Amino acid sequence: IAAAPGRHFYGHGQFTADGARLLCSENDYASASGVIGVYDAADSYRRVGELPSHGVGPHEIRLLADGRTLVIANGGIRTHPDLPRVKSNLASMRPNLAYVDVASGRLLQRHEPERRWHQLSIRHIDVSPDDRVAVAMQFEGDSQLLPPLIAIQRAEQPLRLLSAPDDVQRRLRNYCGSVTFDADG
């Protein structure tokens, strides 16, 4: 699948509940806004539309159990494909976890880390069978700080940041690469 003009892929994909569409996290780099590209799985993955991600830098995306609600990890980091790996907005980052209606693209809810942790880029997520969302983050701020890198979020509750013991937190070097729920949730 080639990215549409003015877009580049930003991370993970997710099939709709019926398997008919592939949803892909993408960047509209002219406007620096995140989008979710919609591709028809039965028609050689032809692009048939897009949804707003309601943030910058969408990375991992997952469906809730209802099959209609998409959870988007908007990392908050602005990049451009002509400047690989350059993060151009670290001082003004606003990462979020967005819940979006797949049919309409309407924002249902959005959760952000508290303002002092605005450089906690939300990158990876997992959804439990009861729709709890586990969040893994990477910190783009002062390397001497040890912010929490994992959060749990559910329904309309705020992000609940979780910290590891200090020695573990230091060894993580402000990066948590993935997260998953175990078999029993």
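The values are calculated or read from the model by the stated rules, or taken from the named source; none is laboratory data. Treat the numbers as computed from the prediction; the structure is a model and nothing was measured. A quick note on method: Cβ atoms are made from the backbone with ideal geometry, for glycine too, and the neighbour counts reach across all protein chains shown. Note: areas computed on protein heavy atoms with side chains; ligands, DNA, RNA excluded. Shrake-Rupley method; radii C 1.70, N 1.55, O 1.52, S 1.80 Å.
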Scope region 124-152; condition in contact with a Phe, Trp or Tyr (Cβ under 9 Å, 6 or more places away or on another chain) and not hydrophobic (A, V, I, L, M, F, W, C); matching residues:
ASP126, SER128, PRO129, ARG132, GLN138, GLY141, PRO147, PRO148
Those residues of region 129-170 which are under 26 Å from GLN14 (Cα atoms), among the polar types (S, T, N, Q) and touching a Lys or Arg at 6+ places or on another chain (Cβ under 9 Å) amount to GLN138, GLN153
Per-region count, region 102-113, residues among the acidic types (Asp, Glu) and either at pLDDT below 95 or open to solvent by less than 20 Å² (accessible area, probe 1.4 Å) (or both):
0
Please enumerate the residues belonging to region 80-101 that are open to solvent by 30 Å² or more (accessible area, probe 1.4 Å) and either within 16 Å of SER53 (Cβ to Cβ) or aliphatic (A, V, I, L, M) (or both).
LEU83, VAL86, LEU90, ALA91, ARG94, ASP101
Of the residues ILE61, ILE77, only one is in contact with a Gly (Cβ under 9 Å, 6 or more places away or on another chain), open to solvent by less than 80 Å² (accessible area, probe 1.4 Å) and modelled with pLDDT under 95; which?
ILE77
Selection count, region 1-40, where residues are open to solvent by 30 Å² or more (accessible area, probe 1.4 Å) and in a loop (DSSP other than H, G, I, E, B)
11
Looking at region 118-151 only, could you name the residues that are open to solvent by 30 Å² or more (accessible area, probe 1.4 Å), free of Cβ contacts under 8 Å to residues at least 40 places away in the same chain and out of contact with any Asp or Glu (no Cβ under 9 Å at 6 or more places or on another chain)?
ASP142, SER143, GLN144, LEU145, ILE150
Residue selected from region 168-185 under the condition among the aliphatic types (A, V, I, L, M) and open to solvent by less than 100 Å² (accessible area, probe 1.4 Å), by the criterion farthest from the chain's Cα centre (by Cα)
VAL168
